[in-house]
Amino acid sequence: MSSQIYDCIVIGAGIQGSCTAYYHAKNNKKTLLLEQFFLPHSRGSSHGQTRIIRKAYQQDFYLRMMEESYKLWAELERDAGVQLYRCTGLLVMGPEDGQYYSAVKDVLQRNKVPTVMLKREEFNQHIPNFNLVSGENALVDTSAGVLYADKALDSLQRLFQSHGGVIKDGEKVTGIKPGPVVTVTTASGAYQAKSLVITAGPWTNTLLSHTGMALPLKVEKINVCYWREKVPGSYDVHNRFPCFSRQDGPEVDQIIYGLPSNEYPGLMKVCYHIGKETDPDARDNQTDQSDIQVLQRFVARCMPGLVPVPAVVESCLYTLTPDNHFVLDCHPTYSNIIIGAGFSGHGFKFGPVIGKILYELSTGQVPSHNLSPFKITRFQTPKSAL
Ligand SMILES: Cc1cc2nc3c(=O)[nH]c(=O)nc-3n(C[C@H](O)[C@H](O)[C@H](O)COP(=O)(O)OP(=O)(O)OC[C@H]3O[C@@H](n4cnc5c(N)ncnc54)[C@H](O)[C@@H]3O)c2cc1C
C-alpha cells in the first residue's frame, strides 16, 4: 500500500473522469486518476475525433449547464493552446408539432439563444444537398459545433499532470473499501484518499458492486457510421456544412444526427441515437445492424449526395439511465464517494461543467448547478447489489 493519502482518487479516464481530475489538481488537490486500459484507448465512450456541442436542448437545466460549459471549454482551449471547438451550427429538424422540435425551439427562444429559423422555400439556399421532409420545419442553433474529442482528452490529461496530478493507466480497480479514508485496490497496489469519484462509464455498476449498490443503467453499443460523399467536399466542415439532429420523422422514433466530413476526408458521420444492449467487455459480440438499416433509408431519402451504404463503421458505448438524465450525486451510504454516471449518449459536451460539479461534491462545496434532475433518489428503489 502506498503511504500517500490523496485528497481524491478518480476512477476512469474518459472525458468525465479526466475533467474531474483536472479540476481537483487545478485547485491544488493531490489527485490520482486510475484507468484500466493504457491511454489512449477506444473501448469506452469518449474516444474518436468528434462530438457535437450545442445549446439546443429540451430542458432549461441543460441549457444553463451548457452556457457555463462553453466558457470552460474556451478556457481549456486557452490553457492547452489547442483548438478543441469548431463552430458549424446545428440544424434541428422535425414536425412543428413534434414533441422534440417544439420543445427545443421553445427553450432556445425563451433563453434568447442565437437561432435562425429556416423557411422551407429558402432551406436549400442555406443547406444544400439535404432534403427537408415534407411537413417538417428547421432551425439552426448557430453557436453549436464540433468538439475535437481525442484532442480534448489528451489536453485535459496533460493539463492535469502539469498541475501535479498522477495518472496510472493499465491499472484496473478491483476493490473499493469505503470509510473516512477510502481504499482502492488494483492488481498493482492499493491507494487511499479522502474522497473517491467513480466515473467508470459502462463499468459503473461493476465498481458500485464493491459499495453495496447498483444503478438502473443499460449499456448499448452504437454503430458509428461514416458515409462517402458522391461529390468530394459537398458535406465538408470547411464548406460550412452544419451538424444536424432530427427526431419524430417518418422512419424513426429516435434522434438521427450527423457531423460534417472532417476526421475522414470525404466521409460524413451519420448515426442513430439508439443501439443494442451489450456487455461492455464483450461489445464485439454484439453484431446487430438494425440501426444501420434505418440510417440507410434516411440517407437515401434525405442526403442524396451521400452513398447510402456506410463506408466505415466504428463502435462506441452509451450508458443509459431510464430517463436519459445523468447521475451526479454522492453515494447514498458513503458521502465521500461521488458518482458521475449514466451520460446517456449526450455527456461529452458537458465534460468541463461536470468535472467542476463532481469536484465541488467531492470537496463538500455547494454545487454550482441545481442537481435535482440528477439525484439517485429519482430511481424509486436503487437496486441493492448485496
Ligand atoms: C457514438 C457516440 C456518439 C456520441 N456523440 C456525442 C455528442 O455528439 N455529443 C455529446 O455531448 N456526447 C456524445 N456522446 C456521449 C459521450 O461521448 C459520453 O457521454 C461520454 O464520453 C461519457 O464519458 P465517461 O467518462 O462517462 O465514460 P467513458 O469514456 O467510458 O470513461 C470511463 C472510463 O472508466 C474506465 N474504467 C472503467 N472501469 C474501470 C476500472 N475498474 N478501473 C479503472 N478504470 C476503469 C474505462 O476504461 C473508461 O476509460 C456520444 C457517445 C457515443 C458512444
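The values are calculated or read from the model by the stated rules, or taken from the named source; none is laboratory data. Bear in mind the structure is a predicted one, so any value in this text is a computation, not a measurement. Methodologically, a virtual Cβ is constructed for each residue, glycine included, from the backbone with ideal geometry; neighbour enumeration extends over all protein chains shown.
Would you mention how many residues in region 330-360 are within 12 Å of the ligand (Cβ to nearest atom) and either part of a helix (DSSP H, G or I) or farther than 25 Å from Ser209 by Cβ (or both)?
Taking region 330-360 as the starting set, the residues that turn out to be within 12 Å of the ligand (Cβ to nearest atom) are 339-355, 358.
Still in the list and also either part of a helix (DSSP H, G or I) or farther than 25 Å from Ser209 by Cβ (or both): 346, 348-355, 358.
Looking only at that region, the number is 10.
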Going by the structure shown, is Met93 surrounded by fewer than 16 Cβ atoms within 10 Å (Cβ to Cβ) and away from the ligand (no atom under 14 Å from the Cβ)? no
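Within region 218-229, work out how many residues are of a type in the set (A, V, I, L, M) and away from the ligand (no atom under 11 Å from the Cβ). Talk me through it step by step, then tell me what you get.
Within region 218-229, the first condition is being of a type in the set (A, V, I, L, M), and the residues that meet it are 219, 222, 224.
If we keep only those that are away from the ligand (no atom under 11 Å from the Cβ) as well, we get none.
Number satisfying all stated conditions: 0.
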Failed condition for Leu215, given (1) within 16 Å of the ligand (Cβ to nearest atom); (2) out of contact with any Pro (no Cβ under 7 Å at 6 or more places or on another chain): (2)
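Filter region 1-53 down to residues that are charged (D, E, K, R) and touching a Lys or Arg at 6+ places or on another chain (Cβ under 7 Å) and give me whichever is farthest from Lys349 (Cα to Cα). Break it down into steps so the answer makes sense when it comes.
The initial filter retains those residues of region 1-53 that are charged (D, E, K, R), namely 7, 26, 29-30, 35, 43, 51.
Still in the running and touching a Lys or Arg at 6+ places or on another chain (Cβ under 7 Å): 7, 51.
Working: Asp7: 27, Arg51: 7 Å.
This residue is Asp7.
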Residue check for Ala300: within 13 Å of Val224 (Cβ to Cβ), among the hydrophobic types (A, V, I, L, M, F, W, C) and over 23 Å from the mean Cα position of the chain (by Cα): no
Please tell me if Tyr235 is touching a helix residue (DSSP H, G or I) at 6+ places or on another chain (Cβ under 6 Å) and either over 30 Å from Gly98 (Cα atoms) or among the hydroxyl-bearing types (Ser, Thr, Tyr) (or both). no
Could you please tell me which pairs satisfy a Cβ distance under 9 Å, a separation of 6+ or placement on different chains, a first residue in region 101-130 that is more than 20 Å from Cys302 (Cβ to Cβ), and a second residue that is assigned to a helix (DSSP H, G or I) and among the β-branched types (Val, Ile, Thr)? Val113/Val107
Which one of these does Gly345 not meet: (1) surrounded by fewer than 23 Cβ atoms within 10 Å (Cβ to Cβ); (2) outside the structural domain of Cys243 (by TED's automatic domain parsing); (3) touching a helix residue (DSSP H, G or I) at 6+ places or on another chain (Cβ under 9 Å)? (3)
Residues (on the phi > 0 side of the Ramachandran plot and within 28 Å of the chain's Cα centre (by Cα)) located in region 179-214: Gly201, Gly212
Out of Lys194, Lys221, Lys269, sole residue that is among the basic types (Lys, Arg), surrounded by 17 or more Cβ atoms within 10 Å (Cβ to Cβ) and within 26 Å of Lys356 (Cβ to Cβ): Lys194
Pull out all pairs, ordered by first then second residue, where Cβ-Cβ is under 8 Å, the residues are six or more apart or on different chains, the first lies in region 272-300 and is assigned to a helix (DSSP H, G or I), and the second is exposed (fewer than 14 other Cβ atoms within 10 Å of the Cβ). Asn285/Asp279; Ile292/Val313; Val294/Glu251; Gln296/Val309; Arg297/Glu251; Phe298/Glu251
Is it fair to say Pro232 is assigned by TED's automatic domain parsing to the domain that holds Pro95, within 15 Å of the ligand (Cβ to nearest atom) and either at pLDDT 95 or above or within 18 Å of Glu35 (Cβ to Cβ) (or both)? no
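Going by the conditions given, is Asn324 without any contact (Cβ under 8 Å) to a residue 24 or more places away in the chain and within 16 Å of the ligand (Cβ to nearest atom)?
On the way: without any contact (Cβ under 8 Å) to a residue 24 or more places away in the chain: yes; within 16 Å of the ligand (Cβ to nearest atom): yes.
So Asn324 passes the test.
In region 1-60, how many are of a type in the set (D, E, K, R) and either near the ligand (Cβ under 10 Å from one of its atoms) or within 30 Å of Val237 (Cβ to Cβ) (or both)?
Step one: list which residues in region 1-60 are of a type in the set (D, E, K, R), which gives 7, 26, 29-30, 35, 43, 51, 54-55, 60.
Add one more test, that the residue is either near the ligand (Cβ under 10 Å from one of its atoms) or within 30 Å of Val237 (Cβ to Cβ) (or both), and what stays is 35, 43, 51, 54-55, 60.
Qualifying residue count for the region: 6.
Suppose we keep only residues that are among the charged types (D, E, K, R) and over 23 Å from Tyr272 (Cα atoms) within region 25-67. Which one would you say is surrounded by the most Cβ atoms within 10 Å (Cβ to Cβ)?
Just the residues of region 25-67 that are among the charged types (D, E, K, R), to begin with: 26, 29-30, 35, 43, 51, 54-55, 60, 64, 67.
If we keep only those that are over 23 Å from Tyr272 (Cα atoms) too, we end up with 26, 29-30, 35, 60, 64, 67.
Values: Lys26: 19, Lys29: 21, Lys30: 17, Glu35: 25, Asp60: 13, Arg64: 16, Glu67: 13.
Step by step, filter region 25-67, then rank; the result is Glu35.
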Just to confirm my filter: which strands (runs of 3 or more DSSP E) fall fully inside region 1-75 and include at least 1 residues that are over 21 Å from Phe326 (Cα atoms) and of a type outside the set (Ser, Thr, Tyr)? 5-11, 31-34
